[in-house]
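Student: Below you'll find the structure I mean.
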Amino acid sequence: MASAVTDAGLLSGERIIAAIKASAVEYVLSVPDITTSSGLLAPIARDGDLRLIRVCKEDECIGIASGLSYCDKRALILIQHTGFLDSINAIRGIAVEYKQPICMMVGLLQHEPEREPRASSRYGVRIMEPILGDMGIVHHLISVDADIAKIQPAIEKAYNESEPVAFLIGRSPA
Amino acid sequence: MMKRDECFRVLARHITDEAVVATYSSAVDWVGIAPRVLNYTSIGAMGLDSSHGLGLALGRPDKRVVVLQGDGSLLMNLGCLVTIAAVAPKNLIHLVAQNETYEANGGHPIPSPKVDFAGLARAAGYAAVYDFAELDVFKQQVAHVLEQDGPVFATLHIEPSKPLTYDYPSLYDPAKRKAFKAAWWAKN
């Protein structure tokens, strides 16, 4: 509870959603993630400007986003870092080797926001940035409101240059 | 029992401006029978052909998308049946060639030969579901399968084929992806 009180107001879900919309994203593809559940996924589900596609397993998102990209439709994939890890082969093939504009927003489950992800006590969180780095995937940590400004230019770059990008959500947006 | 290439020759007679998404053995047979710019064979990960197809169908609701998937591929992404049925794209036709083997990976059997894929699709909520084991019946009904509102699912019960040559550099050719996008996005 103390963490939730401390975190309140540090990262605005409303502002993240505004950045997503400003990036001309039409589709959000998602498996629920507790880090982003109430601050992002729930309001996105109620938002009339974004079409939410709920999928059964995270790698489906990679294929759907790729298909949409051939139609000049932008998508954001909203998942948990465990789902990212489970989808690495699809990300390897489609996002990296085919150079597709796959945009991922990845909640870092049970991450301690005061720490850098590489210093997390959670093994799964600790390995995220090294894996993204080894795969050559541009990534940004979104942990406080000031980080939200990174989202729109990064999505624009991903689609303009046809390359993947990952946003690591370091605390629960309020 | 049918042969996949025979089924695809029948199918090819009915294909016009649809996107055809195919992988592995289905892709090898299909591109040999119907080489065309609107073939989409860069899937990137086994099982995701149906998911690529869903994205294409969502992005171009005015055009139809045909997915040619093997049973091994579908088993790697069974959840796609639920996702596709929930999204319910009217322009998606999902055909699964069931030969009960991982043909591209040495012909080993799938975990169970008794899977009722059509039953799974029906239970997931596809708008229409078919189960074809006779080529004459497939010939008779294929036009209707392709024309009706989807999502449509059909199992094609086929024999394992003779050994195929998998030309992956050609199937995954970036130039073909670029040409596909230009043709798929053309406004007609």
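Derivation of every value follows stated rules applied to the coordinates shown; laboratory data play no part. Keep in mind it's a predicted model, so treat the numbers as computed, not measured. Quick reminder, even Gly has a Cβ in these numbers, built from the backbone with ideal geometry, and neighbours come from all protein chains shown.
Student: How would you order B:71-80, B:46-55 from highest to lowest mean count of nearby Cβ atoms within 10 Å?
Tutor: B:46-55, B:71-80
Student: Right, another one. When only C-alpha pairs under 8 Å and at least 6 residues apart count, what is the relative contact order of segment A:13-71, in percent?
Tutor: With pairs under 8 Å counted, the relative contact order is 39 percent.
Student: For the cross-link pairs A:K150/B:K178; B:K90/B:K139; A:K21/B:K176; A:K21/A:K73, which exceed 24 Å when the distance is taken from alpha carbon to alpha carbon?
Tutor: A:K150/B:K178; A:K21/B:K176
Student: Now a separate question. For peptide B:72-79, what's the mean number of Cβ atoms from other chains within 10 Å of each residue's Cβ?
Tutor: Working: counts 0, 0, 0, 0, 2, 6, 2, 6.
The per-residue average across the peptide is 2.
Student: Between beta-carbons, use under 13 Å as the cut-off and find the net charge around A:I16, counting Lys and Arg +1, Asp and Glu -1.
Tutor: Values: positive: A:R15, A:K21, A:K150, A:R171; negative: A:E14, A:D47, A:D145, A:D147.
Cβ neighbours under 13 Å give a net charge of 0.
Student: In addition: Can you classify segment A:1-128 as rounded, prolate or oblate using the Cα gyration tensor, where a ≥ b ≥ c are the square roots of its eigenvalues, rounded means a/c under 1.5, and otherwise it's prolate if a/b beats b/c and oblate if not? Present the calculation step by step, with values, prior to reporting the outcome.
Tutor: On the way: a/c = 2.13, a/b = 1.26, b/c = 1.69.
Oblate.
Student: Counting pairs of alpha carbon atoms under 8 Å apart in space and at least six apart in sequence, what relative contact order in percent does chain A give?
Tutor: Values: 330 pairs, mean separation 51.6, N = 174.
Contact order relative to length: 30 percent.
Student: Next question, about the same structure. Among the aspartates and glutamates, which have Cα under 20 Å from the Cα of B:K63 when same-chain residues fewer than 8 positions away are ignored?
Tutor: A:E26, A:D72, B:D17, B:E18, B:D49, B:E147, B:D149
Student: Other chains' Cβ within 10 Å of B:37-49 residues: what's the mean?
Tutor: Mean partner-chain Cβ count within 10 Å for B:37-49: 5.
Student: Same structure, new question: Using 1/(1 + (r/R0)^6) with R0 = 22 angstrom and r between the beta carbons of A:E97 and B:N105, what's the FRET efficiency to the nearest 0.05?
Tutor: E between A:E97 and B:N105, to the nearest 0.05, is 0.70.
Student: Can you work out the FRET efficiency for the pair B:A133 and A:S162, with r the C-beta to C-beta distance and R0 = 51 Å, to the nearest 0.05?
Tutor: With R0 = 51 Å, the Cβ-Cβ based efficiency is 0.75.
Student: In bins 10 Å wide, starting from 0, what share of all Cα pairs of segment A:60-164 does each bin hold, as a percent?
Tutor: 15, 48, 32, 6, 0
Student: On average over all directions, what projected area in square nanometres does segment B:1-144 have, based on the convex hull of its Cα atoms?
Tutor: With the hull built on Cα positions only, its mean projection is 8.0 nm².
Student: Same structure again: A:K99: which aspartates and glutamates have alpha carbons under 13 Å from its alpha carbon, excluding same-chain residues fewer than 8 sequence positions away?
Tutor: Counting by Cα, and skipping residues close in sequence, A:K99 has these aspartates and glutamates nearby: A:E161, A:E163, B:D173.
Student: Rounded, prolate or oblate, given the Cα gyration tensor of segment B:44-92, with a/c below 1.5 counting as rounded? Write down the numbers at each step before the final one.
Tutor: Working: a/c = 2.25, a/b = 1.63, b/c = 1.38.
Here segment B:44-92 falls in the prolate category.
Student: Between B:A143 and A:S37, take the C-beta separation as r, use R0 = 45 Å, and let me know the FRET efficiency to the nearest 0.05.
Tutor: Numbers: r = 46 Å, r/R0 = 1.02.
For B:A143 and A:S37, the calculated efficiency is 0.45.
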